[in-house]
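*Asks:* Before I ask anything, let me first share the structure, which is written out below as structure tokens.
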Amino acid sequence: MNKTQANPIWNFLCSVKLTIFILILLAATSIIGTIIPQGEAGEEFIKNISPALQKIIISFHLYDMYHSAWFQLIIFILALNLIACSMNKIPGTIRLFKKLPSPDREKIFTNIHPDRIIKSRLNKNDTANVLREIISRHYTRIAEKDTENRAYFYGDKGRYSMLGVYLVHFSVLLILVGAIIGSIFGFKGYVNILEGESIDYITPTGVSSHSHIDLGFTVSCDRFSVEFYDNGQPKEYKSDIRFSVDGNTVKQGHLLVNHPLTFMGITFYQNSYGVLSGDEASIIVNQKGHEDPVRMKIIRGKGVPLPESGGEIILEEIRDDFMRMGPAVKIHVKPVNSEGADIWLFKNYEDIRERFSTEFDQFPQFNPSIIEPYTFSLDGIESAYYTGLQVNKDPGIPFIYAGFFIIVIGLIVTFFTSFRHIWIKIDGSGDMISLYIAGTANKNPVGLDRELDQITNQLNLKLNRNNNI
Amino acid sequence: MINGMILNYITFFYFFSFLFYLLLMIADKKIFGKIATIITAAGFLGHTTAIILRWIESYQMGIGRAPLSNMYESLVFFSWTVILLYLLIEWRISNKSIGVFATPIAFLIMAYSSFSNSDIQPLLPALKSNWLIAHVITCFFGYAAFALSFGLSYMYFLRGLNKLNPLSTNSRLSRDKYLDIFVILFIHVVFIILIFILAYDSLIKNIGSDSMGLTKFLSLFALVIYLLLIILTFLIFLFQSIRRTHDLNTQGIILLIPIYNFFILFLLLFEKGLEKNNKYGPPDMYYDDSTTSLLKIVPNHSILEELSYQMVVIGFIMLTLGIITGAVWANSAWGTYWSWDPKETWSLITWFVYAAMLHSRLISGWRGKRLALFSIIGFCCVIFTYLGVNLLLSGLHSYGSS
């Protein structure tokens, strides 16, 4: 101990001044990251500012400062400080924890309040018995010492209160360890699964290269559904997910927002959804001179014969939303004996035509009747829901949650319990017996005062009961 | 929407209880204190009922959710926690002087809430979580405890101003007094800026809109009057400091700046015997027997300090729980327990500041003004976490902007 105490570096690491300084420093530097956009938004942000500022931001890594080396160094110093402080103080605490203070103290009774001195009608021995009973009712550890005309009693409780602060500090370290474990051994990624399909790999986030992470099992989305409230706000997203290994279904369940599913240490979260166009569309073909329009299915890249005459239609492109005009497909129509043409068909043709009449007249590819005698219109695109899943593996989570649990326990122990000591001296002989009551506590002096008042009253009642009758 | 109506009336309950607390401070008649407590308690009961009714109503609408999930509801709940904690303190220490700081905070929050959208809206999927309820309750209890600690620290500094009395000190102000004046002015400036932001925000949103009801109009009117009075009292104070005239009662005015009051003239006219004091004893910092009648019922320094510290302890534990429940919720909703979102970061900054404060008191043994100053800085962080982030920065907690 003496050796380490002499070490200035160790002393520096142990000091509370350092703790306060680091805490304030963390608070102050953290502000920067809430003002400068972080991550991807941060990279966008620095493109549009003056070069001088850009230089500062880049050199201090301010566009992603919470992951920068200097910020993590501050956290590291805080951790060192925590460890050093605890190591420095634990031996002393253990000594205090084990030691039973001596009952015969005189100094503690100097300057006590006159209310804390009471007379006893009983003799010394009986007084001591009453006292012993009351003290043992309130305190867990008791010691006493008898001298010729004095008797000393000591009691204490709440020794564990001293350990609360170590719990808090330990839990902070535990949370940091959990975060480190998570960042080393874990990953974050995402995957989109089309309704009815399966995947066995995911794409990691934050990695620029198009790498994949193999899951080692298969995830299938059997069904995806969205529910809405009456006002159109989304109410619930639900994916029916099935996990299988080597073709055998091992686990299945509903995946909802706020209700993730975990399989083999990897957790899946409902994150987003979308509609993906398939390879098919259905179109309606009107033919001059024919009453009934013909509805037909067309498949991307495959020629489908035109009704009656020869020739064919090929579906070339499918767009969910073509230039903000809604679903559209591009078809190539090739009659047998004339030149073919590309035509864009819109789902909402009538509306769009009204809005963009001039543009539409200029471009023949927007005219659905350009190939005589046909008029084409788009009935619908075959589409499917896909569910967007966030996929995480974070082995640090148990540490983090354990840290959360312990920090709460530690704070409650630290602030709401106290280590209280009481000393009582019986002095005098014969009829002139007085009791002196004193106490100390490591916290909450008001609570201690109240307890001493209570004990004084109880003693007064017992020792002077006969007096009152 | 019976709950909305009740809450509108509650706003004015808190206003009137504030007036009675103020009367108590000025006149020091017990009856005012009793009336103030009764009004506050009645308001609190109504407030509680309204929150429960709102909860029931949401079930009747088929939405069924706890009334804790948009800006309006959070403000209503915040104000509720302030009054709850205040009533607990009043009961525990049998001193009503803190009411003059607590009730206007509750009133202002309620008045501001009447400008937010009070419809019961259905919850987005991400908000459907029990962790959300735990998160909101713990966070706002923490905020309310910090708010009260702030009020107590502010009173701590006010008490220091006893020494400002021109009759007791003959010429120069000591460095200590400059600190007092600086801190109090700083608080006022922060308050004024905050109220300006809030008033501006509400004005922009509401003027000309159809939803401008009578209560909203009255609340707005009260806010504007408040602003004018603050500016007026501030100017008077400034004028006094520059001219060094002492024929006006400095303490009285400073006390009244942050809590708005329509009684400033009343005070100046009727407050008697303020300046004949302070001839006994040295103007000690721990001079317990306050000698001006205005500050007479304010508890002494050590009680203020102890209470302020206890509030910080409660607030710190609640904030810790709030951050934890928020992290657990985020982990179940988005798969990240911590994403350095501005709101998260600011709550962590607040946590750091209060953690530093607790260390400085428990280990380094800081007491008095330094600690009170810490509490004030901490509360500035709280305000920024709650309102500043929503108004100025953007992030996951976007509910505040609607």
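*Asks:* Return the pair list, or none, for Cβ contacts closer than 7 Å from residues in segment A:434-463 that are more than 14 Å from chain B (Cβ to nearest Cβ) and under 25 Å from B:Gln310 (Cβ atoms) to residues that are among the small types (Gly, Ala, Ser) and surrounded by 14 or more Cβ atoms within 10 Å (Cβ to Cβ), at least 6 apart or on different chains.
*Replies:* A:Leu452/A:Gly439
*Asks:* Within segment A:61-69, does at least one residue satisfy the condition of being surrounded by 13 or more Cβ atoms within 10 Å (Cβ to Cβ), of a type in the set (Gly, Ala, Ser) and touching a Leu at 6+ places or on another chain (Cβ under 7 Å)?
*Replies:* No - not one qualifying residue is present in segment A:61-69.
*Asks:* Sort out which residues of segment B:307-325 are farther than 21 Å from B:Val389 by Cβ and either at the interface with chain A (Cβ under 7 Å from one of its Cβ atoms) or touching a strand residue (DSSP E or B) at 6+ places or on another chain (Cβ under 8 Å) (or both), and write them in order of number.
*Replies:* B:Val313, B:Ile317
*Asks:* Filter segment A:46-76 for residues that are part of a helix (DSSP H, G or I) and within 14 Å of another protein chain (Cβ to nearest Cβ) and give the result. Full working, then the answer.
*Replies:* First pass over segment A:46-76, keeping only residues part of a helix (DSSP H, G or I): A:46-47, A:51-59, A:62-67, A:69-76.
A:Leu62, A:Tyr63, A:Asp64, A:Met65, A:Tyr66, A:His67, A:Phe71, A:Gln72, A:Ile74, A:Ile75, listed by residue number.
*Asks:* Identify, please: which residue in segment A:398-417 is hydroxyl-bearing (Ser, Thr, Tyr) and surrounded by fewer than 22 Cβ atoms within 10 Å (Cβ to Cβ) and is, among those, modelled with the highest pLDDT?
*Replies:* Within segment A:398-417, the first condition is being hydroxyl-bearing (Ser, Thr, Tyr), and the residues that meet it are A:401, A:414, A:417.
Then keep just the ones that are surrounded by fewer than 22 Cβ atoms within 10 Å (Cβ to Cβ); that gives A:401, A:417.
Values: A:Tyr401: 96, A:Thr417: 90.
Among those that are hydroxyl-bearing (Ser, Thr, Tyr) and surrounded by fewer than 22 Cβ atoms within 10 Å (Cβ to Cβ), it is A:Tyr401.
*Asks:* Could you list, in sequence order, the residues of segment A:228-256 that are at the interface with another protein chain (Cβ under 8 Å from one of its Cβ atoms) and in contact (Cβ under 8 Å) with a residue 24 or more places away in the chain? Show your work before the answer.
*Replies:* To start, the set of residues in segment A:228-256 that are at the interface with another protein chain (Cβ under 8 Å from one of its Cβ atoms) comprises A:229, A:231, A:233-237, A:256.
The answer is A:Tyr237, and nothing else.
*Asks:* If I go through segment B:326-337 residue by residue, how many of them are at the interface with another protein chain (Cβ under 9 Å from one of its Cβ atoms), touching a helix residue (DSSP H, G or I) at 6+ places or on another chain (Cβ under 6 Å) and either buried (at least 21 other Cβ atoms within 10 Å of the Cβ) or among the aromatic types (Phe, Trp, Tyr) (or both)?
*Replies:* 3
*Asks:* With the condition kept exactly as written, say whether any residue in segment A:79-89 is touching a helix residue (DSSP H, G or I) at 6+ places or on another chain (Cβ under 9 Å), among the β-branched types (Val, Ile, Thr) and assigned by TED's automatic domain parsing to the domain that holds A:Ser15.
*Replies:* Looking only at segment A:79-89, we keep the residues that are touching a helix residue (DSSP H, G or I) at 6+ places or on another chain (Cβ under 9 Å), and these are A:79-89.
Going one step further and asking which of them are among the β-branched types (Val, Ile, Thr), we end up with A:83.
From what's left, assigned by TED's automatic domain parsing to the domain that holds A:Ser15: A:83.
Yes: segment A:79-89 contains one or more residues that are touching a helix residue (DSSP H, G or I) at 6+ places or on another chain (Cβ under 9 Å), among the β-branched types (Val, Ile, Thr) and assigned by TED's automatic domain parsing to the domain that holds A:Ser15.
*Asks:* Then there's this: Select from segment B:126-142 the residues that are surrounded by fewer than 21 Cβ atoms within 10 Å (Cβ to Cβ) and not in a loop (DSSP other than H, G, I, E, B) and list them in ascending order.
*Replies:* Residues satisfying the conditions are B:Ala126, B:Leu127, B:Asn130, B:Trp131, B:Ile133, B:Ala134, B:Ile137, B:Thr138.
*Asks:* While we're looking at this one, here's another question. If I filter segment B:53-104 down to residues being hydroxyl-bearing (Ser, Thr, Tyr) and in a helix (DSSP H, G or I), which single residue comes out as farthest from the chain's Cα centre (by Cα)? Give the derivation first.
*Replies:* So the first thing to find is which residues in segment B:53-104 are hydroxyl-bearing (Ser, Thr, Tyr), and the list is B:58-59, B:69, B:72, B:74, B:79, B:81, B:86, B:94, B:97, B:103.
From the residues that got through so far, the ones that are in a helix (DSSP H, G or I) too are B:58-59, B:72, B:74, B:79, B:81, B:86, B:103.
Numbers: B:Ser58: 29, B:Tyr59: 32, B:Tyr72: 17, B:Ser74: 15, B:Ser79: 9, B:Thr81: 11, B:Tyr86: 11, B:Thr103: 8 Å.
Among those residues, the one meeting the criterion is B:Tyr59.
*Asks:* Return the residue satisfying two criteria in turn: it lies in segment A:28-49 and is out of contact with any Asp or Glu (no Cβ under 9 Å at 6 or more places or on another chain) and modelled with pLDDT of 85 or more, and of such residues it is farthest from B:Trp340 (Cα to Cα).
*Replies:* Within segment A:28-49, the subset out of contact with any Asp or Glu (no Cβ under 9 Å at 6 or more places or on another chain) is A:28-32, A:35-36, A:40-41, A:44-49.
Filter once more, so that each one left must be modelled with pLDDT of 85 or more: A:28-32.
Details: A:Ala28: 15, A:Thr29: 13, A:Ser30: 9, A:Ile31: 11, A:Ile32: 12 Å.
That would be A:Ala28.
*Asks:* Let me ask another. Please work out which residue is farthest from B:Arg361 (Cα to Cα), limiting yourself to segment A:8-38 and to residues that are of a type in the set (Ser, Thr, Tyr) and within 9 Å of chain B (Cβ to nearest Cβ). Give the derivation first.
*Replies:* Residues of segment A:8-38 of a type in the set (Ser, Thr, Tyr): A:15, A:19, A:29-30, A:34.
Among the residues that remain, those that are also within 9 Å of chain B (Cβ to nearest Cβ) are: A:19, A:30, A:34.
On the way: A:Thr19: 13, A:Ser30: 24, A:Thr34: 29 Å.
Among residues in segment A:8-38 that are of a type in the set (Ser, Thr, Tyr) and within 9 Å of chain B (Cβ to nearest Cβ), the one farthest from B:Arg361 (Cα to Cα) is A:Thr34.
Residue-wise test of (1) closer than 24 Å to B:Asn130 by Cβ; (2) at pLDDT below 50.
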position: B:Asn249; (1), (2): no, yes
position: B:Leu255; (1), (2): no, yes
position: B:Phe263; (1), (2): no, yes
position: B:Glu271; (1), (2): no, yes
position: B:Asp288; (1), (2): no, yes
position: B:Ser308; (1), (2): no, no
position: B:Ile317; (1), (2): yes, no
position: B:Thr325; (1), (2): yes, no
position: B:Trp338; (1), (2): yes, no
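*Asks:* Scan segment A:19-32 residue by residue and report those that are in contact with a Leu (Cβ under 9 Å, 6 or more places away or on another chain), aliphatic (A, V, I, L, M) and surrounded by 18 or more Cβ atoms within 10 Å (Cβ to Cβ).
*Replies:* Across segment A:19-32, the qualifying residues are A:Ile22, A:Leu23, A:Leu26, A:Ala27.
*Asks:* Working carefully through the options B:Leu362, B:Leu387, find the one that is facing another protein chain (nearest Cβ under 9 Å) and either surrounded by fewer than 22 Cβ atoms within 10 Å (Cβ to Cβ) or in contact with a Pro (Cβ under 6 Å, 6 or more places away or on another chain) (or both). Even if it seems obvious, please write down each step before you answer.
*Replies:* Values: B:Leu387 fails: facing another protein chain (nearest Cβ under 9 Å).
Exactly one of B:Leu362, B:Leu387 is facing another protein chain (nearest Cβ under 9 Å) and either surrounded by fewer than 22 Cβ atoms within 10 Å (Cβ to Cβ) or in contact with a Pro (Cβ under 6 Å, 6 or more places away or on another chain) (or both), namely B:Leu362.
*Asks:* Of the numbered conditions (1) buried (at least 18 other Cβ atoms within 10 Å of the Cβ); (2) without any contact (Cβ under 8 Å) to a residue 24 or more places away in the chain; (3) among the acidic types (Asp, Glu), A:Asp156 fails exactly one; give the number of that condition.
*Replies:* (2)
*Asks:* Please specify each residue of segment A:356-405 satisfying the condition of being away from chain B (no Cβ under 11 Å), closer than 29 Å to A:Leu176 by Cβ and among the aliphatic types (A, V, I, L, M).
*Replies:* Passing the criteria: only A:Ala402.
*Asks:* Return the total of residues in segment A:257-273 being touching a strand residue (DSSP E or B) at 6+ places or on another chain (Cβ under 8 Å), part of a loop (DSSP other than H, G, I, E, B) and within 14 Å of chain B (Cβ to nearest Cβ).
*Replies:* Matching residues across segment A:257-273 total 3.
*Asks:* May I pose another question? Considering only segment A:309-356, state which residues are assigned to a helix (DSSP H, G or I) and of a type in the set (Lys, Arg).
*Replies:* Here is the first cut: in segment A:309-356, the residues assigned to a helix (DSSP H, G or I) are A:349-355.
Hits for segment A:309-356 are A:Arg353, A:Arg355.
*Asks:* Check A:Ile184 against each of (1) crowded, with 17+ Cβ neighbours inside 10 Å; (2) away from chain B (no Cβ under 14 Å); (3) aliphatic (A, V, I, L, M) and name the one condition it does not meet.
*Replies:* The failed condition is (1).
*Asks:* Okay, next question. Among the residues of segment A:267-274, is any in contact with a Lys or Arg (Cβ under 9 Å, 6 or more places away or on another chain), within 25 Å of B:Thr336 (Cα to Cα) and at pLDDT 85 or above? Break it down into steps so the answer makes sense when it comes.
*Replies:* Applying the first criterion (in contact with a Lys or Arg (Cβ under 9 Å, 6 or more places away or on another chain)) to segment A:267-274 yields A:267, A:270.
Still in the running and within 25 Å of B:Thr336 (Cα to Cα): A:267, A:270.
From what is left, the residues that are at pLDDT 85 or above are A:267, A:270.
So far as segment A:267-274 goes, yes, one or more of its residues are in contact with a Lys or Arg (Cβ under 9 Å, 6 or more places away or on another chain), within 25 Å of B:Thr336 (Cα to Cα) and at pLDDT 85 or above.
The values are calculated or read from the model by the stated rules, or taken from the named source; none is laboratory data. Since we're looking at a predicted model, the values are computed, not measured. Positions of Cβ are generated from backbone atoms using ideal geometry, with glycine treated the same way; all protein chains shown enter the neighbour counts.
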